[in-house]
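The values are calculated or read from the model by the stated rules, or taken from the named source; none is laboratory data. For clarity, every value in this text was computed on a predicted model and none was experimentally measured. Positions of Cβ are generated from backbone atoms using ideal geometry, with glycine treated the same way; all protein chains shown enter the neighbour counts. We work out accessible area using only protein heavy atoms, side chains counted, and drop any ligands, DNA or RNA first. Shrake-Rupley method; radii C 1.70, N 1.55, O 1.52, S 1.80 Å.
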Amino acid sequence: MNVCFIGAGSMGSLLTEALIEAGALMPEQVTIATRTRSKAEALAARYPGLAVAADNRSGAKDAKLVFLCVKPSDFRTVLDDIVPALSRDQIVVSITSPIRIASLEEIVPSKVAKIIPSVINSVGNGASLFMFGERLNGDDRDSLLGLFSAISRPVEIREEEVRVASDLSSCGPAFFAFLLEQFIEAAATETGMNRQTASTLACEMLLGTSRMLQKSGCSPAELQRRVSVPGGITAAALAELRDATKDAFPRVLRTTHEKFAEDVEKAESLLRLRKLQERHGNP
């Protein structure tokens, strides 16, 4: 199976590297097309056999899977490049959440899916979010799910859930890294503990917490009960933490949803303009 990644930014490079490192793809199966050629050449040097396409169209032409790893603002340009080279047998995968599947299906002749990865897929952990278009058959779905099973836990969601699901799986690592950073800084500032020691303890704690929640079937609420006893130190600290973070995550979600709505409207406007120009013979 030949796979083309259009875009070699942070997520395009991450997916390329993760899938090759996991053995899900061989370098010889991968082609990179990107406007920053040096990034593609760096990947080719790291993984001999990986090909660098001269342009987006030539990269997409012979690929079974075409991953669109570009920003919403770049979609129109990329689609202008690749649509003439696409066929009904190919699968176009967007990893960009504001781009709607229905909008892509109106433009490309190919099968369409949307997959939202997470930065922690680079270490073989975390979820990947799956949304399937109407043209995909069972074998197509199984192929995509199998591919991402090598680096993540694929979870199928409804497209209208993509924002909140992305908040949990894709933005979540940044959110909790921020909280962990604050915890480490407080330990160092308030007590004089060496920051490296504090960081080691905090990161090991987070890793163990994740494993405990995943493997033991222990819920977050149950884990709090296990660690906290009435009248104890942890209980007193949890009460302080509840007060300090009250309504914090509802505000976070409202912020991400508002920004997402803006991004969707901008992306849809660009794609509508492309379709309008196409109808008038001015692509």
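From the set of residues in region 191-218 that are farther than 18 Å from Ile120 by Cβ and among the hydrophobic types (A, V, I, L, M, F, W, C), which is modelled with the lowest pLDDT? The residue in question is Cys218. Residue pairs whose Cβ atoms lie under 8 Å apart, sitting 6 or more positions apart in sequence or on different chains, and linking a residue in region 117-141 that is over 22 Å from Glu161 (Cα atoms) to a partner that is open to solvent by 40 Å² or more (accessible area, probe 1.4 Å), are Ser122/Glu17; Gly124/Ala22; Gly124/Ala150.
Return the residue satisfying two criteria in turn: it lies in region 138-156 and is open to solvent by 30 Å² or more (accessible area, probe 1.4 Å) and hydrophobic (A, V, I, L, M, F, W, C), and of such residues it is nearest to Val112 (Cα to Cα). It would help to see each step written out before you state the result.
So the first thing to find is which residues in region 138-156 are open to solvent by 30 Å² or more (accessible area, probe 1.4 Å), and the list is 138-139, 141-143, 145-146, 149-150, 153-156.
Subset that is hydrophobic (A, V, I, L, M, F, W, C): 145, 150, 155.
Values: Leu145: 14, Ala150: 21, Val155: 17 Å.
Here the answer is Leu145.
Return yes when Asp167 is open to solvent by less than 50 Å² (accessible area, probe 1.4 Å), under 20 Å from Phe260 (Cα atoms) and of a type in the set (Asp, Glu) and no when it is not. The answer is yes for Asp167.
Could you tell me whether Arg88 is closer than 14 Å to Cys4 by Cα and of a type in the set (D, E, K, R)?
Numbers: closer than 14 Å to Cys4 by Cα: no; of a type in the set (D, E, K, R): yes.
No, not satisfied.
Going by what's in this entry, would Phe130 be described as part of a helix (DSSP H, G or I) and surrounded by 14 or more Cβ atoms within 10 Å (Cβ to Cβ)? Reasoning before the result, please.
Values: part of a helix (DSSP H, G or I): no; surrounded by 14 or more Cβ atoms within 10 Å (Cβ to Cβ): yes.
Against the criterion (part of a helix (DSSP H, G or I) and surrounded by 14 or more Cβ atoms within 10 Å (Cβ to Cβ)), Phe130 does not qualify.
Does Pro84 satisfy the condition of being surrounded by fewer than 18 Cβ atoms within 10 Å (Cβ to Cβ) and of a type outside the set (A, V, I, L, M, F, W, C)? For Pro84, the condition - surrounded by fewer than 18 Cβ atoms within 10 Å (Cβ to Cβ) and of a type outside the set (A, V, I, L, M, F, W, C) - is met.
Residue count for region 38-77, restricted to those that are closer than 19 Å to Glu28 by Cβ and either open to solvent by 30 Å² or more (accessible area, probe 1.4 Å) or of a type in the set (A, V, I, L, M) (or both): 22. Write out, first by first residue and then by second, each pair whose Cβ atoms fall under 6 Å of each other, whose residues are 6+ apart or on separate chains, and whose first residue, in region 184-199, is closer than 20 Å to Ala237 by Cβ while the second is open to solvent by 80 Å² or more (accessible area, probe 1.4 Å). Listed pairs, sorted by first residue: Ala188/Arg195. With a requirement of 1 or more residues that are within 23 Å of Asp142 (Cβ to Cβ), the helices (runs of 4 or more DSSP H) lying completely within region 23-126 that satisfy it span 56-61, 101-107.
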